[in-house]
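Enquirer: Got a structure for you, written out below as structure tokens; questions coming shortly.
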Amino acid sequence: MTTYDAIVVGAGIIGASTAYHLRRRGVARVLLLERDRPAAGGTGRSAAAVRQNYSTALMARLALRSIEKFRRMADELGADGGYVAAGYHMLVPEDMVAGLTRNLAVQRSVGVVTGFMTEAEIAARLTWLDRAGIAAITWEPDGGYADPVRSTEAYVAAFERDGGELRLRTPVRGLLRQGDRITGVMTDGGPIAAGIVVNAAGPWSQFLAASAGIDLPMRVVREQDTVWEARANRPLPEATLALAIDGLYVRPLGERRYIIGRGFPKVYVDCDPYNFKETADPEFIAEIQERLERRIPAFAGSRLIDSYASLYDVTPDWYPFIGPRRGLAGYCDANGGSGHGFKFGPAFGDQLARWIVDGAVDEDFRQFSHDRLADGQPFVQTFGGNRG
């Protein structure tokens, strides 16, 4: 049986980043397995918005680290991941201002540049906006967006250049287990042994864990998005928007095109990741159009370019499972991104590789381990937390 020091299952952004950072930290034989191609799952269909607007210092700090990695991707990895610092706005009604004020203070405490816009700034810069019901608007200059496929492919290519081994179109059928240790994986080509296996299979992680009797409490929900092309010769948003007042997010694509979807609060529908409807529902498209045109009248008459559905892998407290588990050697979780995995992927991979290789990690990062549920210490949701 072929033996590797580490096997990473899943070449989404978190898996690719983890594999790359394991090699950079000196792990000799690292194998990255992907059932299809890099970013073929939820990563590739992510809106790929980049922001630091979170309610905990841990999440804000990790988002800040990831943005630095996106910014330096061409220098570090040899390829540009398409990061554009277009900025990020959150637009909220009166009953959300107090919570948002607290969150901004948390973000600034870890070095995030952010704050409320003044009345003069709003009037000068957001001329396209219908301000009915909006009590406050934030501005985060380092927010924006990146290209999810290019970013993932950049990590994969750098991983291979550093001596890592990639196998595409290689589904992992199960984990190999001996007592309280995971010893490798089973593929169609036979078993492959490893010192440690990282389960970064996203919406399919639960099935992989179950193959070795590992409990992974996670929902898989269907997430819809639309792509619109606005008419020419109208002022339009340049930054990524969280229209919390309308339950929408707006992400520029360039050339007057935008990805537009529903933000929290919304209804989450569980589905089978092996069999789900991959096109958006007509009712969803109509709702997006109505809400969008009411808030940003310049989108009236826009042309629908595309609509589709992808998957979120969602944990009970909406924060990911990252790291090893007590009582189970040779295994790490790297899943449960809940729609936020892309923006954190670079930082998650770096921290997880450090945890695996050195056995050391930032103390608050240990909260991401699945052990938090067994200890009765889930993350507590507050306004602006880890929901999209």
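Values quoted throughout were computed directly from the atomic coordinates according to the rules given, and no laboratory measurement underlies them. This structure is a prediction, so every number in the text was calculated from the model and none was measured. When we count neighbours, we look across all protein chains shown, and the Cβ atoms used for this are built from the backbone with ideal geometry, even at glycine.
Enquirer: Shape verdict for segment 49-126, please, from the Cα gyration tensor: rounded (a/c under 1.5), prolate (a/b greater than b/c) or oblate. If you can, show how the numbers build up before the last one.
Expert: On the way: a/c = 2.92, a/b = 1.56, b/c = 1.87.
Oblate, because a/c is 1.5 or more while a/b does not exceed b/c.
Enquirer: Separate question: Could you give the dipole magnitude of segment 251-375 about its Cα centre, charging the beta-carbon of Lys and Arg +1 and that of Asp and Glu -1, in debye to the nearest 20? Could you put the intermediate results ahead of the total?
Expert: Details: 16 positive and 20 negative charges, 98 e Å.
For segment 251-375, the charge dipole is close to 460 debye.
Enquirer: While we're looking at this one, here's another question. Loop-only check: which chymotrypsin sites (Phe, Trp or Tyr not before Pro) in segment 63-148 are DSSP coil with at most 16 other Cβ within 10 angstrom? Please report the intermediate quantities before stating the final value.
Expert: Values: sites: Phe70, Tyr83, Tyr88, Phe116, Trp128, Trp139, Tyr145; in loops: Tyr83, Trp128.
Taking segment 63-148 and a limit of 16 other Cβ atoms within 10 Å, the loop chymotrypsin sites (Phe, Trp or Tyr not before Pro) found are Trp128.
Enquirer: I want the local charge near Asp371. Using Cβ-Cβ distances under 11 Å, sum +1 for each Lys or Arg and -1 for each Asp or Glu among the other residues.
Expert: With Lys, Arg at +1 and Asp, Glu at -1, the net is +2.
Enquirer: Now a separate question. Which of (1) 65, 45, 35; (2) 80, 47, 43; (3) 65, 40, 40 is the computed Cα extents along the principal axes in Å for the structure on display?
Expert: Correct label, based on the coordinates given: (3).
Enquirer: For segment 312-380, state what percent of all Cα-Cα pairs lands in each successive 5 Å bin, counting from 0 Å until the bin that includes the largest distance.
Expert: Spelled out per bin, shortest first, that is 3, 17, 29, 28, 18, 5, 0.
Enquirer: Here is a further query. Mind running the shape call on segment 70-218? Use the C-alpha gyration tensor, a ≥ b ≥ c as the square roots of the eigenvalues: rounded below 1.5 for a/c, prolate if a/b tops b/c, oblate otherwise.
Expert: In terms of gyration-tensor shape, prolate.
Enquirer: Taking a cut-off of 24 Å between Cα atoms, list the lysines near Lys343, but don't count ones fewer than 8 places away on the same chain.
Expert: Lys69, Lys266
Enquirer: Hey, another quick one. If segment 254-388 were replaced by its equivalent ellipsoid, with semi-axes equal to the square roots of 5 times the Cα gyration tensor eigenvalues, what would those be, largest first, whole Å?
Expert: On the way: eigenvalues 262, 50, 44 Å².
Square roots of five times the eigenvalues give 36, 16, 15 Å.
Enquirer: Please give the calculated 222 nm ellipticity per residue for the chain, where each DSSP H segment of at least 4 residues contributes -39500 (n - 2.57) and the sum is spread over every residue; nearest 500 deg cm²/dmol? Please list the in-between numbers first.
Expert: Working: 10 runs with 108 residues, N = 388.
Mean residue ellipticity at 222 nm (helix-derived): -8500 deg cm²/dmol.
Enquirer: Nearest 20 debye, what's the magnitude of the dipole of segment 68-147 about its Cα centre given +1 on Lys and Arg Cβ and -1 on Asp and Glu Cβ?
Expert: 160 debye
Enquirer: Among the chymotrypsin sites (Phe, Trp or Tyr not before Pro) in segment 240-296, which ones are in a DSSP loop with at most 14 other Cβ atoms within 10 Å of the Cβ? Mind listing them?
Expert: Tyr274
Enquirer: Now a separate question. How high is the relative contact order of the chain? Use alpha-carbon pairs under 8 Å, at least six apart in sequence, and give a whole percent.
Expert: The normalised contact order for the chain reaches 24 percent.
Enquirer: What's the magnitude of the charge dipole for the chain around its Cα centre, counting Lys and Arg as +1 and Asp and Glu as -1 at the beta-carbon? Answer in Debye, nearest 20.
Expert: 340 debye
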